[in-house]
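**Student:** I'd like to ask you about the structure that follows.
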Amino acid sequence: MIIIPKHFLLFFIFISSFSYLITSTEIPCIKAACAIREPNIRFPFRIKNIQTESCGYPGFDLSCDNSNQTLFKLPNSQQFTVQGIDYATQEIWLNDPNNCLPNRIIINSLNFSDSPFYSPYSEDFTFFNCSSSSDYLRYRLNPIACLSGSTYTVFATASFNVADFLLKRTTCRSIGSFGVPVEWPFYEKVLSSDLNDHIRLTWDVPTCGRCESRGGRCGFKSNSSREIVCSDISYRGYFYSYFYNVQKVPN
């Protein structure tokens with residue numbers, strides 16, 4: 001009878017666990033970023049030309065521009081800068097690369113219907129172009145600087161009373177009303193806003209929030225598999241992989 005020393009047995013178990021993890025994921029997907037201060041990118045997102053296609057979920061492709069900003073392009077060709085990503089709550093914050101989000105709201109109406117993302121809350125804002133701003137500043141209306149000029153000022157309001165007040169002014173004309181994604185629902189209508197806050201969007205699929213909140217990492221089971229698993233490779237010095245909430249990418 002051959003007696004195997006205990007430390008050799010433990011070493012064998014450690015190596016076996018490590019080998020299983022590597023073979024189950026094949027080519028590891030490491031996190032990446034466009035620059036040091038840019039958001040860390042990992043599944044379900046991926047940076048094209050840096051991370052392989054199997055490192056991201058369909059519809060979650062990002063890219064880096066010449067200024068090393070992280071860019072997100074929607075199916076309707078709208079492009080935004082990524083300001084932050086919370087993988088546990090499944091939220092992403094976007095803004096305009098040209099620092100004038102209100103202009104994007106007017107031109108494109110911020111339609112996310114063809115993407116995996118949506119805004120939990122939205123408010124209708126009416127935009128006004130007024131020839132003089134001196135009278136309106138007394139009413140604490142916030143001008144939209146990037147849309148205003150030396151002889152006119154642009155305002156946006158979600159208040160029916162303010163909209164009615166501006167409509168009655170001969171020096172103001174309505175540009176139009178547009179749905180605007182907002183951080184939280186307004187229990188009182190906003191009198192005026194410059195609408196330069198980041199857009200907060202969320203996604204439902206893939207559902208990796210619980211995995212991330214427990215310290216795990218989501219990803220495809222392998223490069224050739226469309227099954228999504230939750231795995232972790234660090235716990236008290238041991239390597240392991242576990243399957244949680246297995247999902248399949250729809251055809």
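Throughout, read-outs are computed from the coordinates displayed, never taken from laboratory work. For clarity, every value in this text was computed on a predicted model and none was experimentally measured. FYI the Cβ positions are ideal-geometry reconstructions off the backbone, even for glycines, and counts take in every protein chain you see.
**Student:** Take each of the peptides 32-43, 165-176, average the number of other beta-carbon atoms within 10 Å over its residues, and list them starting from the highest.
**Tutor:** So the peptides 32-43, 165-176, ranked by packing, come out 32-43, 165-176.
**Student:** A follow-up question, please. Sorted from largest down, give the three principal axis spans of the alpha carbons of the stretch 21-179, whole angstrom values.
**Tutor:** For the stretch 21-179, the Cα extents along the three principal axes come out at 71, 28, 25 Å.
**Student:** Continuing with this model, one more query. Classify the stretch 29-93 as rounded, prolate or oblate from the Cα gyration tensor: take a ≥ b ≥ c as the square roots of its eigenvalues, call it rounded if a/c is under 1.5, otherwise prolate when a/b beats b/c and oblate if not.
**Tutor:** Verdict is rounded for the stretch 29-93.
**Student:** Right, another one. So if we plug the beta-carbon distance of Asp232 and Ala33 into 1/(1 + (r/R0)^6) with R0 = 25 Å, what FRET efficiency do we get, rounded to 0.05?
**Tutor:** After rounding to 0.05, the efficiency reads 0.75.
**Student:** Kindly write out, for the stretch 36-46 in residue order, the coupling ³J(HN,Hα) from the Karplus curve 6.51 cos²θ - 1.76 cosθ + 1.60 (θ = phi - 60°), rounded to whole Hz, with x marking Gly and Pro.
**Tutor:** Per residue, the Karplus-derived 3J(HN,Hα) values read 4, 8, 8, x, 6, 10, 8, 3, x, 8, 8 Hz.
**Student:** Need the full-extension length gain, Glu91 to Ser224, defined as separation in residues times 0.36 nm minus the C-alpha distance. One decimal, nm.
**Tutor:** Stretched out fully, the Glu91 to Ser224 stretch lengthens by 45.1 nm.
**Student:** Can you tell me the mean projection area, over all orientations, of the convex hull of the stretch 104-172's alpha carbons? Units nm², please.
**Tutor:** Orientation-averaged projected area of the Cα hull: 5.6 nm².
**Student:** From the phi angles alone, apply the Karplus equation (6.51, -1.76, 1.60; θ = phi - 60°) to the stretch 103-109 and give each ³J(HN,Hα) in whole Hz, x where the residue is Gly or Pro.
**Tutor:** 5, 5, 5, 6, 6, 9, 6
**Student:** Full-extension gain between Leu167 and Tyr139, please, as 0.36 nm times their residue separation minus the C-alpha to C-alpha distance.
**Tutor:** That works out to 8.6 nm of additional length.
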